[in-house]
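The next block holds one structure in the form of structure tokens; read it before the comments.
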Amino acid sequence: MKPYPVTRPDWTIDQAWSSYTAAEHATWKTLFERQTKLLTGRACDEFVQGMRDLPMVADEIPDFARLNQVLMPRTGWQVVAVPGLVPGDVFFEHLANRRFPAGQFIRKPNELDYLEEPDVFHDVFGHVPMLMNPAIADFIQAYGVGGLRAQQLGKLANLARVYWYTVEFGLVNQADGLRIYGAGIASSYSESIFALDDVSPNRITFDLARVMQTDYRIEVAGAVEESSKGSSSISAGLPVMLLCIPTGLEAPWASLGVQGWAAMAWSVLISAFGGWLVWGWINQVRGVARTAPLMYLMPPVAGLFAWAITGEQYTAIKLVGAAIALIGVAFAQFAPQRKNPS
């Protein structure tokens, strides 16, 4: 197809689906058939389900209008055509408004295995099936919102790494093993094999702080594959973390002083990390059924500290509530265990 000039402020163009040539449709078919056959048992359940639900077949490049008829009612997203890579602010603006910019062109037959600029096969085959999943749909929108803020703060490189190691090159642990959800892997024959079968990649559990400090090279096969524990964990954790990053970068860390850093270290190392270690140990020793009710001690204990440190007074209603909590916890701790029938 002939290249289109950029005529709109948001860099979108008409897909002009009827202008694709037979040779371009044939390239799509070669890529589609090869990749769908390979991804059996490799792609995550959400990707497979998205492919089943979308009007995406081997014989022709998908029509974005038809894709959107299915995608928008499901998650509110739509695919928009762009001539190629777009500026960062334009890209984030689209994502923040649930528009996925997809390259309108397709690679040449001699570029089947790799090209640096994403084309319609990478963007549509690789990304759009996951946009049918509500967890990923929310995450990528949150990434767009966070990207706009990070760009204003000059911290875009850190956020770009999050996208690279999740949306592009992420793996996910399912009940039946490690699976692909990143589009850079799912749309690439060689990456799909390399990511799961080769011994050289570092397949490590996702850690936001590490990811934001880990550089990547787009011309090199993924040396690091970040794995998550499921799309629900992505939905629960990553959007919140992404939205908090710009605010964290704005914080006046240098002015905290020794006491501030000491308090933060206590909160992270003792209250959080140490607390969870103790919690895990108690679970092992006492069992979950006896350990879980201990959470109800938090309000009475917090009230006791408030009385000792700030002089807060216990009212009658607070004392009654604390007594009920203590009695319930005591019953859970000291009641005789019921034996399972043999």
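A few comments on the model shown:
- Count of region 293-313 residues which are outside any helix (DSSP H, G or I) and either open to solvent by less than 70 Å² (accessible area, probe 1.4 Å) or under 17 Å from PHE331 (Cβ atoms) (or both): 1
- Scanning region 37-54 for residues that are part of a loop (DSSP other than H, G, I, E, B) and open to solvent by 20 Å² or more (accessible area, probe 1.4 Å) gives THR40, GLY41, ARG42.
- Complete set of residues in region 71-83 that are under 23 Å from ALA16 (Cβ atoms) and either in a loop (DSSP other than H, G, I, E, B) or open to solvent by 30 Å² or more (accessible area, probe 1.4 Å) (or both): MET72, TRP77, GLN78, PRO83
- Criterion (farther than 23 Å from ALA195 by Cα and within 24 Å of the chain's Cα centre (by Cα)) met by exactly one of LEU54, LEU39: LEU54
- Residue ID - nearest to THR12 (Cα to Cα), chosen from residues in region 101-111 that are modelled with pLDDT of 90 or more and either open to solvent by less than 60 Å² (accessible area, probe 1.4 Å) or polar (S, T, N, Q) (or both): PRO101
- Hey, VAL120 over 20 Å from TRP164 (Cβ atoms), β-branched (Val, Ile, Thr) and open to solvent by less than 10 Å² (accessible area, probe 1.4 Å) or not: yes
- Boolean, VAL57 is crowded, with 16+ Cβ neighbours inside 10 Å and either on the phi < 0 side of the Ramachandran plot or touching a strand residue (DSSP E or B) at 6+ places or on another chain (Cβ under 6 Å) (or both): no
- Residue in region 169-191 that is within 23 Å of ASN68 (Cβ to Cβ), among the hydrophobic types (A, V, I, L, M, F, W, C) and in contact with a helix residue (DSSP H, G or I) (Cβ under 6 Å, 6 or more places away or on another chain) present: yes
- Neighbours by Cβ (under 6 Å, 6+ apart or cross-chain): first from region 84-100, open to solvent by 30 Å² or more (accessible area, probe 1.4 Å); second β-branched (Val, Ile, Thr): ARG99/VAL80
- In summary, ARG34 fulfils each of the numbered conditions (1) open to solvent by less than 50 Å² (accessible area, probe 1.4 Å); (2) out of contact with any Asp or Glu (no Cβ under 8 Å at 6 or more places or on another chain); (3) touching a residue at least 60 places away in the same chain (Cβ under 8 Å) with the single exception of condition (1).
- From PHE194, PHE206, residue being surrounded by 12 or more Cβ atoms within 10 Å (Cβ to Cβ), modelled with pLDDT of 75 or more and either more than 20 Å from the chain's Cα centre (by Cα) or farther than 23 Å from PRO129 by Cα (or both): PHE194
The values are calculated or read from the model by the stated rules, or taken from the named source; none is laboratory data. Not measured: the values here are computed from a predicted model. Note that we place each Cβ from the backbone using ideal geometry, even for glycine, and neighbour counts take in every protein chain shown. The accessibility values were calculated without ligands, DNA or RNA, using every heavy atom of the protein model including side chains. Shrake-Rupley method; radii C 1.70, N 1.55, O 1.52, S 1.80 Å.
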